[in-house]
Amino acid sequence: MSHEVVKFDLVNLLHNLDESLANFENTFSLDDFAKGHYQQHPFVTLLTCCDSRVPPSMLGDTFNRVFCVENIGNQVKNSEGSVLYGLLHLHTPLMIVAGHSECGAIKAATSDFSAEPSALVNELTTVKNSLYQACAGIKVDLAAASLTQAQLSEINVDIQIDQLLAHPDIAPLVEKQTLQIIGVLVDLHNVYGEGYGKVYTVNVNGEKDVEAIKRQDKIGGFAAKAKRLPK
């Protein structure tokens, strides 16, 4: 589960962060912020894995646009309050659940993680339970599926969307079409064979059929990105 330790030049790193913070301060869009009465008005609640290779900036400029919720394995249950805040209080019309290939949380959840600190065990247990629930629902053996990590990542996105659709406060929003829930898979490792860093639509409001997603005319370019790995 552990990753290779990379040595950083901390002094140089902090110097670079000084530059980054200065750039943020110097380019802060006060006029746009003032137009919104200094409140936040994001258009999307993004639930994504906190993997540093899957940045919220994949959706463009995030400032006052993306309400980002991150945890290992992009789990609804581990951040349910934050997700509900984005949907019920900020009223974002779009919810995106983003998984990715070679997810460390999924790899860990399909192995023995009992020796990890209790807080990490708790979060990984949520991931493992999600996978078991999802695999049982589609009659897929989790042990066999664990050999195809990217496919498990797709299944993991599916179960998160199922949980959202089953929530009594969220389901009516989808039914009234005031909320669109889209599941995507970020292919960091060219598993889909079309290049590194490609983003694929794998689920829209519970619909997993690729051809059905491609026919949806209310999801913009996400329709053309519809793709899933063969079972």
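The values are calculated or read from the model by the stated rules, or taken from the named source; none is laboratory data. This structure is a prediction, so every number in the text was calculated from the model and none was measured. Here the Cβ is made from the backbone with ideal geometry for all residues, glycine too, and neighbour counts use every protein chain on show.
For this structure, a couple of remarks:
- Scanning region 176-231 for residues that are modelled with pLDDT of 95 or more and β-branched (V, I, T) returns T178, I181, I182, V184, V186, V199, T201, V202, V204, V210, I213, I219.
- Subset of region 53-92 (residues that are in contact (Cβ under 8 Å) with a residue 24 or more places away in the chain and part of a strand (DSSP E or B)): V66, F67, V69, N71
- Count - residues of region 111-129 that are in a loop (DSSP other than H, G, I, E, B) and within 21 Å of R228 (Cα to Cα): 0
- Restricting attention to region 170-196, the residues that are assigned to a loop (DSSP other than H, G, I, E, B), surrounded by 13 or more Cβ atoms within 10 Å (Cβ to Cβ) and either in contact with a strand residue (DSSP E or B) (Cβ under 7 Å, 6 or more places away or on another chain) or free of Cβ contacts under 8 Å to residues at least 40 places away in the same chain (or both) total 3.
For (1) hydroxyl-bearing (S, T, Y); (2) on the phi < 0 side of the Ramachandran plot; (3) surrounded by 14 or more Cβ atoms within 10 Å (Cβ to Cβ); (4) in contact with a Leu (Cβ under 6 Å, 6 or more places away or on another chain), each residue gets a yes or a no:
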| position | (1), (2), (3), (4) |
| --- | --- |
| E70 | no, yes, yes, no |
| I106 | no, yes, yes, yes |
| D112 | no, yes, no, no |
| V157 | no, yes, yes, no |
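- Cβ pairs under 9 Å, 6+ apart, first in region 18-40 and surrounded by 10 or more Cβ atoms within 10 Å (Cβ to Cβ), second not in a loop (DSSP other than H, G, I, E, B): Q40/F67
- Of all the listed residues (N156, N203), the sole one being under 23 Å from G73 (Cα atoms), in contact (Cβ under 8 Å) with a residue 60 or more places away in the chain and in a helix (DSSP H, G or I) is N156.
- Among the residues of region 211-231, those that are exposed (fewer than 14 other Cβ atoms within 10 Å of the Cβ) and either under 15 Å from I155 (Cβ atoms) or polar (S, T, N, Q) (or both) comprise P230, K231.
- Selection count, region 3-56, where residues are of a type in the set (A, V, I, L, M) and more than 30 Å from H100 (Cα to Cα): 4
- Checking D162, D209 one by one, the residue that is touching a residue at least 40 places away in the same chain (Cβ under 8 Å) and acidic (D, E) is D162 and no other.
- Residue in region 131-148 that is closer than 16 Å to E80 by Cα, touching a helix residue (DSSP H, G or I) at 6+ places or on another chain (Cβ under 8 Å) and crowded, with 17+ Cβ neighbours inside 10 Å present: no
- Matching option when the condition is at negative phi, touching a residue at least 40 places away in the same chain (Cβ under 8 Å), part of a loop (DSSP other than H, G, I, E, B) and not hydrophobic (A, V, I, L, M, F, W, C), among K231, K218: K231
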